[in-house]
Amino acid sequence: MNVDENSIKLVHSVSSLPGAIKVAPGLFIGGDQEQLRRLLQNGKAKPEDILVVVGYSSWGRGQLYQEWRR
């Protein structure tokens, strides 16, 4: 398992944010943080549209399944 406690990610529904990566319908990761600040200031995005995620864990291929089987 990989763990990074210092990583900060933006998960959001702001489709107009430059640089954002679509991960599912209506769900995006990342994007230009300065542009996001401007969208929030102009009322074109709302704080409830954004989730700031600190840290992450990831598993190698098959690792999570093997842990689940234990």
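The values are calculated or read from the model by the stated rules, or taken from the named source; none is laboratory data. Note that the coordinates shown come from a computational prediction; the quantities given were computed from them, not determined experimentally. Counting neighbours? That spans all protein chains shown, and the Cβs are built from the backbone with ideal geometry, glycine included. Quick note on the areas: whole protein, heavy atoms, side chains included, nothing else; ligands and nucleic acids left out. Shrake-Rupley method; radii C 1.70, N 1.55, O 1.52, S 1.80 Å.
Please compute the volume of the convex hull spanned by the alpha-carbon atoms of the chain and report it per residue in Å³.
Enclosed volume per residue, from the Cα hull, is 114 Å³.
Ignoring any ligand, DNA or RNA, what whole percent of the accessible area of the chain comes from carbon and sulfur when the probe is 1.4 angstrom?
51 percent
Take Ile29, Ile21, Ile50 and sort them by solvent-accessible surface of the protein heavy atoms, 1.4 Å probe, largest at the top.
Ile21, Ile29, Ile50
Find the accessible area per residue for the chain; the probe is 1.4 Å, ligands and nucleic acids are left out, and the unit is Å².
Ligands and nucleic acids excluded, the figure is 79 Å² per residue.
Hey, which aspartates and glutamates would be in cross-link range of Lys22, C-alpha to C-alpha under 17 Å, not counting anything within fewer than 8 residues on its own chain?
The reachable aspartates and glutamates, counting only those whose Cα sits under 17 Å from Lys22, are Asp32, Asp49.
When the label point is put 7 Å from the Cα of Arg61 along its Cα-to-beta-carbon vector, which residues of segment 1-44 have a backbone N closer than 20 Å?
Inside the label zone: 1-3.
Let me have the 222 nm mean residue ellipticity of the chain computed from DSSP H runs of 4+ only, each contributing -39500 (n - 2.57), with the sum over all residues rounded to the nearest 500.
It comes out at -6000 deg cm²/dmol, rounded to the nearest 500.
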